[in-house]
Structures are given as C-alpha cells and as structure tokens.
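Inspection log for the structure reproduced underneath, given as structure tokens.
Nothing in this text is a laboratory measurement; each read-out follows from the coordinates by a stated rule. In this text, all values refer to a predicted model and were calculated from it rather than measured experimentally. Note that each Cβ is placed from the backbone with ideal geometry, even for glycine, and that neighbours are counted across all protein chains shown.
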Amino acid sequence: MIGERQIQEILAQYKKHGWNLRRVLLSSPIEENLALSLFGQTEIVFSKVDALWFSRAAFAEREAWELRRLSEAPFALIEVFEADDEEDAREDARQEMETRMLELASKPGQRRGTLDI
C-alpha cells in the first residue's frame, strides 16, 4: 500500500525530470484518508483508479502525458500528442488510458494501489 510519503517522493521524482502534475485521480476511499493539499491547486477528479496525470514537452513540439498509478510498484502508461491534436481527441485518449489502467489493475494477480496512512 502507498502512503503520503511515497506520493511526495513520486511527485518530487517527476518534477526533477521536468514533468508537471496536471490532474489527480482518486477513489473515494483514498480521498477520505489523504490530505488533498498534497496536490496543491491541481485538479482532482474522483475516479475508480488512483493515479496521477503528468505532462511535459516532448521531441518535435509534441507533448507527452503519463498516467502513473498510485501504487508502490511503479506502473505507468504514456501517450505522446502532436502539437496540432485537438483537445477533444486528447481527452478521449486520456480517458481510454484511464480505462486501460483500471482494467490492468483489476486483473487477477494485480494489486490495486491503495493508501496505507
């Protein structure tokens, strides 16, 4: 299980490598046990998967978005968008990634990330 200290370490690691926290996905049980101030002014979305959305500039004017599951074992999905991609298309892709992460986290043998506070 992951706690606030580990989340702070994840945030620091991504920041060190130029990633910006863009959105926080939290399930109700985690939200109830977590100091939301940990995420500053970042948008918090209630979700079935507990994860963090990060973005940063990528090669050739593209933008990379990474969905990092909140679990002790590092697990992330990444998508790179072209500069001229419409925001609606980007959001559709991000929603598909969230669905995929939820499916992967729900498979037998996979541990779903939860907080141990």
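Ranking ILE44, LEU70, ILE2 by how far each Cα lies toward the positive end of the dipole of the chain (charges on Cβ) leaves ILE2 at the top.
If you take the square roots of the eigenvalues of the alpha-carbon gyration tensor of segment 1-46 and sort them as a ≥ b ≥ c, do you get rounded (a/c under 1.5), prolate (a/b over b/c) or oblate? Please report the intermediate quantities before stating the final value.
Working: a/c = 2.25, a/b = 1.41, b/c = 1.60.
Verdict is oblate for segment 1-46.
Its residue count N sets the reference 2.2 N^0.38 Å, and the alpha-carbon radius of gyration of the chain equals 1.05 times that reference. Hey, what angle do you get for helix 87-106 against the long axis of the chain, alpha-carbon based, 0 to 90 degrees rounded to 10? Taking Cα atoms only, the helix is inclined about 30 degrees. For segment 24-32, 3J(HN,Hα) computed residue by residue from phi via the Karplus equation (6.51, -1.76, 1.60; θ = phi - 60°) reads 10, 10, 9, 7, 4, x, 6, 4, 5 Hz, glycine and proline entered as x. Under a 5 Å amide H cut-off, with hydrogens placed 1.01 Å from N, GLY3 pairs with ASP116 among residues at least 5 apart or on other chains. Each of ASN20, ALA89, LEU104 was scored by the projection of its Cα onto the charge dipole of the chain, and the greatest displacement toward the positive side belongs to LEU104; charges sit on the C-beta of Lys, Arg, Asp and Glu. Here segment 4-106 is treated with +1 on each Lys and Arg Cβ and -1 on each Asp and Glu Cβ, and its dipole about the Cα centre works out to around 600 debye.
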